[in-house]
Amino acid sequence: LWVSYSYEYESRKNQGVGGTVLPEAGTNLTSFEHEVNVGYTRVFSPRLLNQIHFLVGYNDEPVRSTHSAPAIIVQGAFTGGGAQADTRRTEGHFDGTDLFTYASGKQEMKFGIDVPDISRRGFDDRRYFGGAYSFASLADFAAKRPYAYTEQQGQAHLTFVEKVLSGFYEDTIRFRPNLSLAVGVRYYWQNYFHNVPHNFAPRVSLAYSPGKRSGTVLRAGAGVFYDRTG
């Protein structure tokens, strides 16, 4: 049994400042992630082995404007006020594998459950919730004559839960000390994409060593592989 914990933290201040963008219109970005990994191996008998591995993590990435005032954009002159660029991304996720290995004579079977992703994603988009005034020139700015005003309203928070599951089976047969054949199949399921008749992914591979004392192993294989959403 083993358990590990990791923590990552990143901070960037005054992003986007420079040129015609004043310091008051900058943004501050922070990002942190917690992750716990757990592994457990159980030997039931000389022929049967079970291996479990999973991780649980949480990530938070907020972007905050340095000031909350409305943005002021004067074409060709400066950008001031607040950046109006507030966003936040969060993710709580789990993934893991439960693998059984059974060996008997010249045959080795592997089967189990794989969970590539179970996660809750969140996104907050509060850009321009405080408004932004756009001016065509410094003269219009001095006269308080903006040509446009932009403001975002409505529901700023979005969450969704993604679930990806799969089951697998693989059978490896060693016909001779230098020749083995492996056949297997994997089944995928996602909650946002449903294509049940075609979610089975069969695979086959062959390993051959041309001589008894040869250090060379020739491998060939083919199969169906599915990707998943990011």
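The values are calculated or read from the model by the stated rules, or taken from the named source; none is laboratory data. Fair warning: this is a prediction, and the values are worked out from it, not measured in the lab. Cβ placement follows ideal geometry from the backbone for every residue including glycine, while neighbour counts extend to all protein chains displayed. In case anyone asks, the SASA skips ligands and DNA or RNA and just uses the protein heavy atoms, side chains included. Shrake-Rupley method; radii C 1.70, N 1.55, O 1.52, S 1.80 Å.
Give the residue that is nearest to Thr87 (Cα to Cα), with candidates limited to residues of the range 129-150 that are assigned to a loop (DSSP other than H, G, I, E, B) and open to solvent by less than 80 Å² (accessible area, probe 1.4 Å).
First, the residues of the range 129-150 that are assigned to a loop (DSSP other than H, G, I, E, B): 129-131, 136-137, 143-147.
Filter once more, so that each one left must be open to solvent by less than 80 Å² (accessible area, probe 1.4 Å): 129-131, 136-137, 143, 146.
Working: Phe129: 11, Gly130: 13, Gly131: 15, Ala136: 28, Ser137: 29, Ala143: 32, Pro146: 26 Å.
The extreme case among them is Phe129.
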- prompt: Out of (1) more than 27 Å from the chain's Cα centre (by Cα); (2) closer than 28 Å to Thr159 by Cα, what's the single condition that is false for Gln107?
  reply: (2)
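Every residue, every condition in (1) at pLDDT below 95; (2) touching a Gly at 6+ places or on another chain (Cβ under 9 Å); (3) closer than 30 Å to Gly215 by Cα, yes or no:
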{"position": "Glu91", "(1), (2), (3)": "no, yes, no"}
{"position": "Tyr102", "(1), (2), (3)": "no, no, yes"}
{"position": "Phe123", "(1), (2), (3)": "no, no, no"}
{"position": "Arg145", "(1), (2), (3)": "no, no, no"}
{"position": "Val164", "(1), (2), (3)": "yes, no, no"}
{"position": "Tyr169", "(1), (2), (3)": "no, yes, yes"}
{"position": "Pro177", "(1), (2), (3)": "yes, no, yes"}
task: Could you tell me which residue of the range 179-195 is modelled with the highest pLDDT, considering only residues that are open to solvent by 60 Å² or more (accessible area, probe 1.4 Å) and under 24 Å from the mean Cα position of the chain (by Cα)?
output: Tyr187
message: β-branched (Val, Ile, Thr), open to solvent by less than 90 Å² (accessible area, probe 1.4 Å), within 27 Å of the chain's Cα centre (by Cα) and closer than 26 Å to Met109 by Cα: is that true of Val161 in this structure?
response: no
statement: Within the range 104-123, the residues that are outside any loop (DSSP other than H, G, I, E, B), open to solvent by 40 Å² or more (accessible area, probe 1.4 Å) and not basic (Lys, Arg) are Ser104, Gln107, Glu108, Met109, Phe111, Ile113, Ile118, Phe123
